[in-house]
1. Kindly list, by first and then second residue, each pair from a residue in the stretch 47-76 that is under 19 Å from Tyr29 (Cα atoms) and among the charged types (D, E, K, R) to a residue that is at pLDDT 95 or above and surrounded by 15 or more Cβ atoms within 10 Å (Cβ to Cβ), limited to pairs with Cβ atoms under 8 Å and residues at least 6 apart or on different chains.
2. Within the stretch 18-27, which residues are in a loop (DSSP other than H, G, I, E, B) and in contact with a Ser or Thr (Cβ under 7 Å, 6 or more places away or on another chain)?
3. Only residues that are loosely packed, with under 11 Cβ neighbours inside 10 Å, among the polar types (S, T, N, Q) and not in a helix (DSSP H, G or I): list them for the stretch 28-80, please.
4. Taking interchain pairs and intrachain pairs at least six residues apart, which have beta carbon atoms under 7 angstrom, with the first residue in the stretch 77-99 and within 14 Å of Thr59 (Cβ to Cβ) and touching a residue at least 24 places away in the same chain (Cβ under 8 Å) and the second in a helix (DSSP H, G or I) and of a type in the set (D, E, K, R)?
Amino acid sequence: MQRWRKSLNDKIHEEQIEKYVPCRIMEIYFDKDGEIEIGSFKLKGLGRDIWLMLDGKHTIGDIVDNLCIKLETRERNAVKCELLTVLKMLKTKELIVANWNPLYKLLKGQEL
């Protein structure tokens, strides 16, 4: 019974993650020759595409779907795992908010 609950909780958590709306915090970046520079950090190719979709409007599910189309693949779970790896790295570097809230700046004590 506990095993079933765990798998049900994992499924619910996975469905919730699909609805997260990641958003870049850093709006100061340079997009030059197909490469994005954020300070000393650089993104190109799919990394650039992901960064541009981190606008607070696309859910993780939307981003996965867009990447699957771009990559012409049906391996949605594999794409999602890779995306989550990139998002974790960007979050660790404090470049994104994992689940955007329009009141984020207000909640952090900053002016809008």
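The values are calculated or read from the model by the stated rules, or taken from the named source; none is laboratory data. The structure displayed is predicted, hence computed values, not measured ones. Here the Cβ is made from the backbone with ideal geometry for all residues, glycine too, and neighbour counts use every protein chain on show.
1. Asp49/Asn66; Asp49/Leu67
2. Selection gives Tyr20, Val21.
3. Within the stretch 28-80, Ser40 is the sole residue that qualifies.
4. Once the first residue is within 14 Å of Thr59 (Cβ to Cβ) and touching a residue at least 24 places away in the same chain (Cβ under 8 Å) and sits in the stretch 77-99, its partners that are in a helix (DSSP H, G or I) and of a type in the set (D, E, K, R) give Ala98/Lys91.
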